[in-house]
Amino acid sequence: MNGLMQSITKPAVIWLYGGLGDTLLIVGIITAAMGLTVGGFAPVHWFLLAFACYLGMIWVVTMRILDRIESKT
């Protein structure tokens, strides 16, 4: 794998995406409960950003599996 893929497959990136996703989800829940928009973002935008972070986390896990398979061959 090239340098970019090697930096993405580090476990810290999984924690980064997971923590950011959790934070955005909490902000979405709070703004939905209070009926607010923060920075022009409605609660649904915060939920979609959290979903994108969770998809990024799944992508990193997939790349780690691919890296492990390639290293064995």
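Where a number appears in this text, it was derived from the coordinates with a stated rule and is not lab data. If you're wondering where the values come from, they're calculated on a predicted model, not measured in any experiment.
For segment 60-71, the Karplus equation 6.51 cos²θ - 1.76 cosθ + 1.60, evaluated at θ = phi - 60°, returns couplings of 5, 4, 4, 5, 5, 5, 4, 5, 5, 5, 5, 6 Hz by residue, with Gly and Pro reported as x.
A simple rule links phi to the HN-Hα coupling: the Karplus curve 6.51 cos²θ - 1.76 cosθ + 1.60 with θ = phi - 60°, which for segment 13-23 gives 5, 5, 5, 4, 4, x, x, 5, x, 5, 5 Hz, with x for Gly and Pro. Scalar couplings 3J(HN,Hα) for segment 45-59, obtained by applying the Karplus form with A = 6.51, B = -1.76, C = 1.60 to θ = phi - 60°, are 5, 5, 5, 5, 5, 5, 4, 5, 5, 5, 5, x, 5, 5, 5 Hz; x denotes Gly and Pro. Between amide H atoms placed 1.01 Å from N, distances below 5 Å from Thr9 occur with no residue 5 or more places distant or on a separate chain.
Expressed as a fraction of 2.2 N^0.38 Å, the value expected for a compact globular protein of N residues, the C-alpha radius of gyration of the chain is 1.41.
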